[in-house]
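Working notes, structure below.
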Amino acid sequence: MTTLDYVAPRPARWPMRRLAGVGILAGLLAFAFLPLVIGGVDPLKQTLRLTLQGPSAADWFGYDHLGRSMQARLAAALRLSLGLALLSVFTAMIPGVLLGVLAAWRGGFVDRAVGSVSEAFLALPGLLLVLMLTAIVPDNPAMLYIGISLVLWVEYFRLTRAMARPLLLSPAVEASRLLGFGPAYILRRHLWPELAPMILTVAAYGAASAIMAIAALGFVSVGVRPPTPELGSMMIELLPYYQEAPHALLQPIAVIFLMVLALQLIGGKDKP
């Protein structure tokens with residue numbers, strides 16, 4: 001092959017599925033946070049003469065059973081759900097990955113000890129753990145965040161430990177050790193590039209699971225309580241009015257569906 005025949009490789013492109021997920025998530029983020037920038041209606045403000053009115057030019061999403069703006073409440077609930085889910089995922093991912101690398105690196109007693117702790121968490125159903133924490137400190141979103149984080153970290157730990165073991169035995173890592181490079185360099189140079197795609201995929205699915213868990217707990221009146229806008233509690237509040245205002249009940253359901261769909265599209269495995 002001559003130099004004239006050489007064709008530079010094209011940069012890798014994201015599949016349309018992932019681009020669609022990013023687009024949906026960007027639209028939801030704009031809907032959630034734009035009112036904070038340009039100003040909007042108070043989601044707690046009640047105007048009883050507007051009770052269960054449908055979408056109009058004044059409010060594109062209509063009003064709920066207490067005359068509160070559905071648009072303002074959906075935006076506030078979306079900020080709450082996304083914020084708690086993403087915070088829970090990152091809080092679980094960092095210790096899970098570090099403990100997984102530590103267990104694979106040290107082995108022996110350290111591996112058995114951390115593995116036993118993870119198995120103890122697996123023995124307790126995740127939602128039950130969250131319910132226990134919210135029962136101890138009710139009406140506190142921080143308990144949802146802590147409970148979901150305690151449930152999610154085990155998955156990152158087990159995945160990282162399984163993937164890190166063969167990587168730590170590779171010739172490249174052995175060469176770095178012989179050259180005197182420390183654990184931070186090996187983690188950054190050899191482990192993280194191999195772990196990152198799978199970890200970030202699990203993070204996207206974990207965020208979707210966290211959003212579903214927050215909505216499910218809100219639906220059974222656990223965790224975030226009214227009048228704080230939350231998608232699950234909004235559904236249970238509007239359920240008695242499904243005949244008079246079906247549009248109001250369908251809106252929080254549609255928002256949850258779009259959030260989970262976006263994260264599933266982003267985290268889906270690429271096909272060869």
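The values are calculated or read from the model by the stated rules, or taken from the named source; none is laboratory data. All figures in this text were calculated on a predicted structure; none of them were measured in a lab. For neighbour counting, all protein chains shown are included, and Cβ atoms are generated from backbone atoms with ideal geometry for every residue, glycine included. Accessible surface is based on the protein model in full, side chains and every heavy atom, while ligands, DNA and RNA are left aside. Shrake-Rupley method; radii C 1.70, N 1.55, O 1.52, S 1.80 Å.
A few points about this structure:
- The Rg/Rh ratio for segment 102-142, using Cα coordinates for both the radius of gyration and the Kirkwood hydrodynamic radius, is 1.22.
- When you count the other C-beta atoms within 10 angstrom of each residue and take the mean per peptide, 34-43, 92-101 line up highest first as 92-101, 34-43.
- Pairs of alpha carbons in segment 12-66 separated by more than 17 Å make up 56% of all such pairs.
- Its Cα gyration tensor gives segment 217-272 an equivalent ellipsoid. The semi-axes, each the square root of 5 times an eigenvalue, are 28, 15, 7 Å from largest down.
- Judged by the gyration tensor of its Cα atoms, with axes a ≥ b ≥ c, segment 159-204 is prolate; a/c meets the 1.5 cut and a/b is the larger of a/b and b/c.
- Length gained on full extension, Ala196 to Ala20: 61.2 nm, using 0.36 nm per residue less the C-alpha separation.
- Compactness index (Cα Rg / 2.2 N^0.38 Å), segment 44-150: 1.63
- Over all pairs of different C-alpha atoms in segment 184-243, the reciprocal of the mean inverse distance, the Kirkwood hydrodynamic radius, equals 14.1 Å.
- Taking the helices alone, the chain has a mean residue ellipticity at 222 nm of -23000 deg cm²/dmol, built from -39,500 (n - 2.57) per DSSP H run of at least 4 residues and averaged over all its residues.
- Projected area, mean over directions - segment 128-243, Cα convex hull, nm²: 9.6
- Ranked order, Leu124, Leu50, Leu178 - accessible area, probe 1.4 Å, largest first: Leu178, Leu124, Leu50
- With Rh defined as the Kirkwood radius, the inverse of the mean 1/r over Cα pairs, the Rg/Rh of the chain is 1.09.
- A crude spin-label estimate for the pair Ala123 and Ser221, with each label 7 Å from Cα along the Cβ direction, gives 3.4 nm.
- Ordered by 1.4 Å accessible area with all protein chains kept, Leu167, Leu82 run largest first as Leu167, Leu82.
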